[in-house]
1. Since THR60 meets every condition but one in (1) out of contact with any Pro (no Cβ under 9 Å at 6 or more places or on another chain); (2) of a type outside the set (D, E, K, R); (3) outside any loop (DSSP other than H, G, I, E, B), which condition does it not meet?
2. Could you check, for segment 38-46, whether at least one of its residues is surrounded by 11 or more Cβ atoms within 10 Å (Cβ to Cβ), in a helix (DSSP H, G or I) and without any contact (Cβ under 8 Å) to a residue 24 or more places away in the chain?
3. Filter segment 3-37 down to the residues that are among the β-branched types (Val, Ile, Thr) and surrounded by 10 or more Cβ atoms within 10 Å (Cβ to Cβ), then identify the one that is nearest to SER62 (Cα to Cα).
Amino acid sequence: MENEDSRKLTSDDIHSICQPLNVMKLAVGNLLARYDAGTLNDDPEYLYKKLVRIDQQITTLSDKVHRI
């Protein structure tokens, strides 16, 4: 049986989880700002790059969580 202490998150684990979440928050915030300004559709490449960045961060976060 796994020791209860071994299931606790370390500060490094928490930082590792928070970092991609912060990147996603910034990317979504940028997209929302463009949406609010009515300029989101003006640059489809910008939108695509932001969505790819969010997708990459989700993959990064998922990989980190699975390693914990």
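1. The one condition THR60 does not meet is (1).
2. Taking segment 38-46 first, the residues surrounded by 11 or more Cβ atoms within 10 Å (Cβ to Cβ) are 39-40, 43, 46.
Okay, now just the ones that are also in a helix (DSSP H, G or I), so 40, 46.
If we keep only those that are without any contact (Cβ under 8 Å) to a residue 24 or more places away in the chain as well, we get 40, 46.
Yes: segment 38-46 contains one or more residues that are surrounded by 11 or more Cβ atoms within 10 Å (Cβ to Cβ), in a helix (DSSP H, G or I) and without any contact (Cβ under 8 Å) to a residue 24 or more places away in the chain.
3. Looking at residues that are among the β-branched types (Val, Ile, Thr) and surrounded by 10 or more Cβ atoms within 10 Å (Cβ to Cβ), I get ILE17.
None of the figures in this text is laboratory data; all of them are computed from the coordinates on show. This structure is a prediction, so every number in the text was calculated from the model and none was measured. Here Cβ is always computed from backbone atoms with ideal geometry, including for glycine, and neighbour counts include all displayed protein chains.
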